Amino acid sequence: MQPSAPPFDERLTAPRSWWFIAFGVGVACALMLLPLGTLPLLAGLAGGTVAAAVLVSSYGSARIRVVAGALVAGDARIPLSALGEPEVLDAEEARAWRTYKADARAFMLLRGYVETAVRVEVTDPDDPTPYVYLSTRNPQGLAAALSAVPTA
């Protein structure tokens, strides 16, 4: 039996403050409908809050997993054998790789509200993607899961 990579599963949820903003959007919708009466006001509050909450939830549903010998990040599924050594990025280095060091060909699953990240070189010669950049709140755990490639 071959050892597998340690499990890693993280959801990049939106910050709590964004949920208050979603409620604020609902209040703004309610205030726009205030001249029409109480029922439209309540409908605007409910509808606006739900619509904004759906947007916040969908943006915060990005998930990073290491399962079955593959890195699954968002819609991408990359075999661990096609990846090099992971590089843990602190807040300053992660900001640099998000901005002036970034390569337009790279796969980036980033969230600006997550300060740390992991960068992994793509070693597959047939893949034009130079590296994978992943925002993560647990960069050491993700790097450990990516480094533990099963031995043959």
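Cβ-Cβ distance below 8 Å, separation of 6 or more or different chains: which pairs start in region 132-146 with a residue that is on the phi < 0 side of the Ramachandran plot and end on one that is part of a helix (DSSP H, G or I) and of a type in the set (D, E, K, R)?
Correct list of pairs: Tyr133/Arg98.
Restricting to strands (runs of 3 or more DSSP E) lying wholly in region 98-143: which have 2 or more residues that are of a type in the set (D, E, K, R) and more than 20 Å from Ala62 (Cα to Cα)? Explain how you work it out, then say what you get.
Numbers: elements: 107-109, 117-122, 131-135.
Where strands (runs of 3 or more DSSP E) fall fully within region 98-143, none carries at least 2 residues being of a type in the set (D, E, K, R) and more than 20 Å from Ala62 (Cα to Cα).
Can you name the condition, by its number, that Gly60 falls short on among (1) closer than 30 Å to Leu33 by Cβ; (2) out of contact with any helix residue (DSSP H, G or I) (no Cβ under 8 Å at 6 or more places or on another chain); (3) open to solvent by less than 50 Å² (accessible area, probe 1.4 Å)?
Unmet for Gly60, out of (1) closer than 30 Å to Leu33 by Cβ; (2) out of contact with any helix residue (DSSP H, G or I) (no Cβ under 8 Å at 6 or more places or on another chain); (3) open to solvent by less than 50 Å² (accessible area, probe 1.4 Å): (2).
Go through the residues of region 69-78 one by one and say whether even a single one is closer than 23 Å to Glu121 by Cβ, touching a Pro at 6+ places or on another chain (Cβ under 7 Å), modelled with pLDDT under 95 and not in a helix (DSSP H, G or I). Can you show your working first?
Quick first cut of region 69-78, residues closer than 23 Å to Glu121 by Cβ only: 69-78.
Those left that are additionally touching a Pro at 6+ places or on another chain (Cβ under 7 Å): 69-70.
In the following step, the residues that additionally are modelled with pLDDT under 95 were identified as 69-70.
Filter once more, keeping what is not in a helix (DSSP H, G or I): 69-70.
Yes.
Is it the case, given these coordinates, that Val88 is assigned to a loop (DSSP other than H, G, I, E, B), touching a residue at least 40 places away in the same chain (Cβ under 8 Å) and open to solvent by less than 70 Å² (accessible area, probe 1.4 Å)?
Numbers: assigned to a loop (DSSP other than H, G, I, E, B): no; touching a residue at least 40 places away in the same chain (Cβ under 8 Å): yes; open to solvent by less than 70 Å² (accessible area, probe 1.4 Å): yes.
So Val88 does not fit the description; no.
The values are calculated or read from the model by the stated rules, or taken from the named source; none is laboratory data. Just so you know, these numbers come straight off a predicted model, no measurement behind them. No Cβ is skipped: glycine too gets one built from the backbone with ideal geometry, and neighbour counts run over all protein chains shown. SASA here: full protein model, heavy atoms, side chains in, ligands and nucleic acids out. Shrake-Rupley method; radii C 1.70, N 1.55, O 1.52, S 1.80 Å.
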